[in-house]
Amino acid sequence: MDTFMLIGITGIGLGALYFLVASGLSLIYGLMGVLNFAHGSFLTVGAFVGLWFSTQVVHVSNTWTFIAAMIVGGLASGLFALIVERVVITRLYERHIDQALVTVGISLVVGAVLAGWFGNDLRLLPTPPWFINTVSIGSAHIPVDRFLYIAVALILLIANTALLRYSRIGLVIRAGVENRQMVAALGINVRLAFSAVFFLGGFAAGIGGVLVSAYSNGVSPLIAGTYLIYGFIVVVIGGMGSVPGSFLAAMVIGVIKQYANYYSPGLGDFVVVFLLAGVLLLRPQGLLGKVKP
Amino acid sequence: MNTLSVKDLHVKINESHILQGVTFEVPEHSVTALLGRNGVGKSTTLKAILGLYPSEGSIELNGQSLSGKLTYKIAQAGIAYVPEDREIFASLTVRENLLLATRNESNLQRQQMVNELFPELVSRSAQRAGTLSGGQQQMVAIARALVNKNEILLIDEPTKGLAPKLVTEVADALGRVAGETTMLLVEQNLPLVKRIAQHIIVMDQGRIVFQGSPEFLHDGEWVHTMLGVSGGHK
């Protein structure tokens, strides 16, 4: 029972990291139909900027430094995403193959530049001393960092939901998901909303980059690879453009993967792909996605 | 004075030359109806004016060129649009649909006018627009175009697919608006055109083939020749 609980909470923590990657992907694809394979590089940039902030700007490893590293990493990533959108993506709307090629190219370039600069070895990201602590639930000892990942994902989910539901930009984004042309025909610069979505997606990925680095015990240019693939799987299973759907899917995938790997090491990836195939066959719009007319 | 002036407008879509030198003007404070058989380019004309299709030629709103401008800039210049298929935002509530379209929330006079035109929408303000009937959705689409003070309203087949009772309601609403709004109306419903239009333009195969008074619509033979419908029934 203790192991069951430990694996379950670890799975939710892992799902929280997947969600941080997937939430931006979901919005970017849902609103703009942009297949953004550069999203992993947003995560990597966030991780490296967080590392730079923690080691070069602030030399103290405590809670505030870590929170600041998350915010700085998120902002840097958001800014990078905004630049990518303004300079490259804005010229490629409706050109899906070109988007895929260019964003894969950006991802490769960012990875190569960082690898050339820092090497591919893991660089330790300073974390607060309490990161190694555990919390006892029953007789299970749960690493405390898992709760941080879950808390950050929940905050992001609530902030995203509130932004989409109660703000003017959220209204524009929701309308834009349905019908971009009509939003423009109402006199609204829907491209500004696109840029905002890219920034928000990059911001979440940047925060995710810092947390993934903490989870993986270090930062490397290769850190985003698996998470990006899982991000896409989460988006498809959750439903394109549905942030709550992404959250639900991320949690389900994180937990199932952890349990599968525990009972049969290496089985996790297979089970997740099987789940993906099942959703695509039985509910192609995803768990909480809407069928487009 | 003309509110809208379109000169030598050409639109090509996938190698098809849809509009072939369309030229017309819409006088201010009047309703101009754009008529013609299905597929002659009426809706394309409206979309080209709004920048939804790339076009060549000249489009001017109150003397200001709109050519090459992005759609949202054209709309901000004062063009409201009610599309043929309504294109309301189904997942948003009625209130959100109207709020989204509102460029100046302090313009209470416009909001009050919309509320008076479509009182049913007030009572359904919290309802998702996608769950409304076709007629109610059309009201949302028209209300959305009226919540701002615009120079001209482009309205594409507002009575299409509506039950007769709803056609009357929509026609009444447009009749009330017609007095104070410049309107370019695409419509197959000739009684509505006769009721509110002061000018008619007939298109055929991407060209303007007639411009003049709606009086011609009372001539059944003319209607049959120009529009391919029976004037007596439509």
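Just so it is clear, none of the values below were taken in a lab; they were calculated from the coordinates. Predicted model, so just to flag it, every value in this text is computed and none were measured. Cβ sites come from the backbone with ideal geometry, for glycine too, and all protein chains shown count toward neighbours.
Positive contributions from Lys and Arg (+1) and negative ones from Asp and Glu (-1), summed over other residues with Cβ under 12 Å from the Cβ of B:Q127, come out at +1. Mean partner shielding of peptide B:85-95, defined as the number of other chain Cβ atoms within 10 Å of each residue Cβ, is 3. Straightening the chain between A:E94 and A:I169 buys 24.8 nm, computed as 0.36 nm per residue apart minus the Cα-Cα spacing. Could you tell me which residue out of B:F89, B:Y53, B:P191 lies farthest along the dipole of chain B toward its positive end? Charges go on the beta carbon: Lys and Arg +1, Asp and Glu -1, centred on the Cα centre. Value computed over the given set: B:F89.
Using alpha carbons only, the radius of gyration of segment B:81-226 set against its Kirkwood radius gives Rg/Rh = 1.00.
For segment A:2-282, the residue among A:L14, A:P128, A:I207 whose Cα projects farthest onto the positive side of the dipole built from Cβ charges is A:I207. A dipole drawn for chain A from +1 and -1 charges on Cβ atoms has a positive end, and of A:T90, A:L186, A:S61 the residue lying farthest that way is A:L186. Spin-label model, A:V113 to A:I158: label points 7 Å out along the Cα-to-beta-carbon direction sit 3.6 nm apart. Running a GNM on chain A with Cα contacts under 10 Å, which residue among A:I253, A:I28, A:I106 ends up with the highest mean-square fluctuation? Taking springs between Cα atoms under 10 Å, the residue moving most is A:I106.
Comparing A:V273, A:V212, A:V34 in a Gaussian network model of chain A, where Cα atoms under 10 Å apart are tied by springs, the biggest mean-square fluctuation is seen for A:V273.
Taking the alpha carbon gyration tensor of segment A:56-180, multiplying each eigenvalue by 5 and rooting it gives semi-axes of 33, 25, 14 Å, largest first.
Its DSSP H runs of at least 4 residues, each contributing -39,500 (n - 2.57), put the calculated 222 nm mean residue ellipticity of the protein assembly as shown at -18000 deg cm²/dmol, to the nearest 500.
Computed from Cα positions, the angle between helix B:134-146 and the longest principal axis of chain B comes to roughly 90 degrees.
The Cα atoms of segment A:125-261 define a convex hull whose projected area, averaged across directions, is 10.3 nm².
Mind checking the full-extension length gain between B:E215 and B:I13? Use 0.36 nm per residue of separation minus the Cα-Cα distance, one decimal, nm. Intermediate values should be presented prior to the final figure.
Values: separation 202, 0.36 × 202 = 72.72 nm, distance 3.44 nm.
So the extension gain works out to 69.3 nm.
Take the Cα radius of gyration of segment A:224-292 and divide it by 2.2 N^0.38 Å, N being the number of residues; the result is 1.07. Above 18 angstrom, tally the Cα pairs of segment B:104-159 and express them as a % of all pairs, no decimals. Tail of P(r) above 18 Å: 34 percent of Cα pairs. Shown is the FRET efficiency for A:H141 and A:V60, computed with R0 = 22 Å from the Cβ-Cβ distance and rounded to the nearest 0.05: 0.20.
Inter-part distance, segment B:88-158 to segment A:267-287, computed on C-alpha centroids, equals 41 Å.
Can you give the translational diffusion coefficient of the protein assembly as shown in µm²/s, computed by Stokes-Einstein from the Kirkwood radius over Cα pairs at 25 °C and 0.890 mPa s? Please report the intermediate quantities before stating the final value.
On the way: Rh = 25.8 Å.
The Stokes-Einstein estimate is 95 µm²/s.
Using Cα-Cα distances under 8 Å and only pairs 6 or more residues apart, what relative contact order does segment A:2-282 have, in percent? Spell out each step's value before the answer.
On the way: 476 pairs, mean separation 112.2, N = 281.
Computed value for segment A:2-282: 40 percent relative contact order.
Using C-alpha pairs under 8 Å with a sequence gap of at least 6, the mean separation divided by the residue count of segment A:142-293 gives a relative contact order of 18 percent.
For B:K149, list the aspartates and glutamates whose Cα falls under 17 Å from its own Cα; do not include residues on the same chain fewer than 8 positions away. Filter leaves B:E28, B:E105, B:E116, B:E180. For segment A:166-244 versus segment A:1-79, the spacing of their alpha-carbon centroids is 12 Å.
Provide a whole-number value for the mean count of partner chain Cβ atoms within 10 Å of the Cβ atoms in peptide A:173-183.
Values: counts 0, 5, 8, 2, 2, 7, 5, 1, 7, 13, 7.
That average works out to 5.
If R0 is 41 Å, the Cβ-Cβ spacing of A:F270 and A:I71 corresponds to a FRET efficiency of close to 0.65.
Segment A:2-282: D in µm²/s via Stokes-Einstein (Kirkwood Rh, Cα pairs, 25 °C, 0.890 mPa s)? Using the Kirkwood radius from Cα pairs, D works out to 129 µm²/s.
Dipole check for segment A:2-282: with +1 at the C-beta of Lys and Arg, -1 at the C-beta of Asp and Glu, and the Cα centre as origin, the magnitude is about 560 Debye. With +1 assigned to the C-beta of every Lys and Arg and -1 to the C-beta of every Asp and Glu, and no other charges, what is the dipole magnitude of the protein assembly as shown about the Cα centre in debye, to the nearest 20? It works out to roughly 580 debye.
Using a cut-off of 12 Å between beta-carbons, work out the net charge of the residues near A:Q181 (Lys and Arg +1, Asp and Glu -1, A:Q181 not included). Show your work: numbers first, answer last.
Working: positive: A:R180, B:K47; negative: A:E94, A:E178, B:D85, B:E87.
For residues surrounding A:Q181, the net value is -2.
Within the listed set B:V170, B:V11, B:V122, the Gaussian network model of chain B (springs between alpha-carbon atoms below 10 Å) gives the highest mean-square fluctuation for B:V122. Within segment B:107-121, name every residue whose backbone N is under 12 Å away from a label modeled 7 Å from Cα of B:R176 along the Cβ vector. Label zone hits: B:112-121.
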